[in-house]
Amino acid sequence: MATRIAFIGGGNMASAIIGGLLRQGFGVADILVVEPYEPTRAKLLQDFGLQALPECGPTLQGAGMVVWAVKPQTFKDAAAAAAPYTAAALHLSVAAGIPSSSIARWVGTERVVRTMPNTPALIGKGITGVYARPAVTEADRTLAEQVVRTTGDCVWLDNEGQLDTVTALSGSGPAYFFYFMEAMTQAGTELGLSAEQAYRLAVATCVGAGELAKASPEPASVLRERVTSKGGTTYAALTSMQTSGVADSFVRAMHAAHQRAGELGREFGV
């Protein structure tokens, strides 16, 4: 990448991308960060040697790409401050919910790529849904994918509405697994393990199951069936879950997340 990249917002997701860029040989001098919160600026300096700016200014004019890593409720105001300097740049958003049409209007260009990453990006194990507006060129798409892939894998989408589904599935998804880990740990302690033993077993089981699913060409249903012997311990556990409607509750929960993603866009994308 021979493009200078500016980040508006320097929090966790911006730091994940910045760390990935630096690991791939991108120079600190080619990264600019605007971050109004002083403790976050101090952390960027400590972690990466980056001297972040407290506000937008003419320095942004040299950026070929602007990465928007701000909260949905602050996006519009941040865009108003940056727009006078960034109309010639490609814009990539990692903000939840904000429609690309709103971003394009606020920043003054149709070259907008909207993404939905997730928190495993912090360790380079993320998965990101990516949507590009029609004005985004093939070169723009290549650059956007290079940046996104510094934090893990990505899935391109043809329909922007699918990003709300990605938000509900993989964007919020890590929290679902942490929730199950908490429950598994609780059950483990109730059944005689220490909290440390139970948590270690729960985490390793979730990680191992994910790696097995990733390595296998077979669907999750087949992998589940292979662990489940009729009348065995896994069968007893899954039967209890089915009786309690766990799968139905889980699907309803994802629908709730999907609905909220749409609400965020309508609330903050005007």
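(1) closer than 30 Å to T74 by Cβ; (2) surrounded by 12 or more Cβ atoms within 10 Å (Cβ to Cβ): which one isn't true of V270, the others all being true?
(2)
Residues checked against (1) touching a His at 6+ places or on another chain (Cβ under 9 Å); (2) at pLDDT 95 or above; (3) surrounded by fewer than 23 Cβ atoms within 10 Å (Cβ to Cβ):
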residue	(1), (2), (3)
I8	no, yes, no
M13	no, no, no
L32	no, yes, yes
A42	no, yes, yes
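How many of the residues making up the range 119-155 are among the hydroxyl-bearing types (S, T, Y) and either not assigned by TED's automatic domain parsing to the domain that holds H91 or not in a helix (DSSP H, G or I) (or both)? Even if it seems obvious, please write down each step before you answer.
Let us first name the residues in the range 119-155 that are among the hydroxyl-bearing types (S, T, Y), namely 119, 128, 131, 137, 142, 150-151.
With the extra rule that they be either not assigned by TED's automatic domain parsing to the domain that holds H91 or not in a helix (DSSP H, G or I) (or both), the set shrinks to 128, 131, 137.
Matching residues across the range 119-155 total 3.
Using beta carbons and a limit of 9 Å, which pairs, at least six apart or on different chains, have the first residue in the range 144-159 and more than 7 Å from T128 (Cβ to Cβ) and the second one aromatic (F, W, Y)?
Once the first residue is more than 7 Å from T128 (Cβ to Cβ) and sits in the range 144-159, its partners that are aromatic (F, W, Y) give E145/W156; T150/F26; W156/Y131; L157/Y131; D158/Y131; N159/Y131.
List every residue pair whose Cβ atoms lie under 9 Å apart, where the two residues are 6 or more positions apart in sequence or sit on different chains, the first residue falls within the range 74-85 and is farther than 13 Å from E55 by Cα, and the second residue, located anywhere, is assigned to a helix (DSSP H, G or I) and small (G, A, S).
These pairs meet every condition: F75/S102; K76/S102.
Look through the range 194-208, keep the residues that are under 18 Å from Y176 (Cβ atoms) and touching a residue at least 12 places away in the same chain (Cβ under 8 Å), and return whichever of them is surrounded by the most Cβ atoms within 10 Å (Cβ to Cβ).
Among those residues, the one meeting the criterion is A202.
What do you reckon, is A29 small (G, A, S), closer than 17 Å to Q61 by Cα and assigned to a strand (DSSP E or B)?
It is false that A29 is small (G, A, S), closer than 17 Å to Q61 by Cα and assigned to a strand (DSSP E or B).
Give the residue that is farthest from F268 (Cα to Cα), with candidates limited to residues of the range 31-66 that are in contact with a Ser or Thr (Cβ under 8 Å, 6 or more places away or on another chain) and of a type in the set (A, V, I, L, M).
Among those that are in contact with a Ser or Thr (Cβ under 8 Å, 6 or more places away or on another chain) and of a type in the set (A, V, I, L, M), it is L44.
Considering the range 48-78 alone, what residues qualify as being buried (at least 17 other Cβ atoms within 10 Å of the Cβ), in contact with a helix residue (DSSP H, G or I) (Cβ under 6 Å, 6 or more places away or on another chain) and in a loop (DSSP other than H, G, I, E, B)?
Matches in the range 48-78: L50, A52, C56, A69, V70.
Of T151, T165, T185, which residue is farther than 30 Å from V94 by Cα, buried (at least 17 other Cβ atoms within 10 Å of the Cβ) and β-branched (V, I, T)? Even if it seems obvious, please write down each step before you answer.
On the way: T151 fails: farther than 30 Å from V94 by Cα; T165 fails: farther than 30 Å from V94 by Cα.
It is T185.
Looking only at the range 92-106, decide whether some residue is modelled with pLDDT under 95 and over 21 Å from the mean Cα position of the chain (by Cα).
Looking through the range 92-106, none of the residues is modelled with pLDDT under 95 and over 21 Å from the mean Cα position of the chain (by Cα).
Would you mind stating whether P134 is more than 22 Å from the chain's Cα centre (by Cα) and under 26 Å from A168 (Cβ atoms)?
Spelling it out, P134 is indeed more than 22 Å from the chain's Cα centre (by Cα) and under 26 Å from A168 (Cβ atoms).
Please state which of the following conditions D158 fails to meet, knowing it meets all the rest: (1) in a strand (DSSP E or B); (2) in contact with a Phe, Trp or Tyr (Cβ under 9 Å, 6 or more places away or on another chain).
(1)
The values are calculated or read from the model by the stated rules, or taken from the named source; none is laboratory data. Since this is a predicted model, take the numbers as computed values, not measurements. Here the Cβ is made from the backbone with ideal geometry for all residues, glycine too, and neighbour counts use every protein chain on show.
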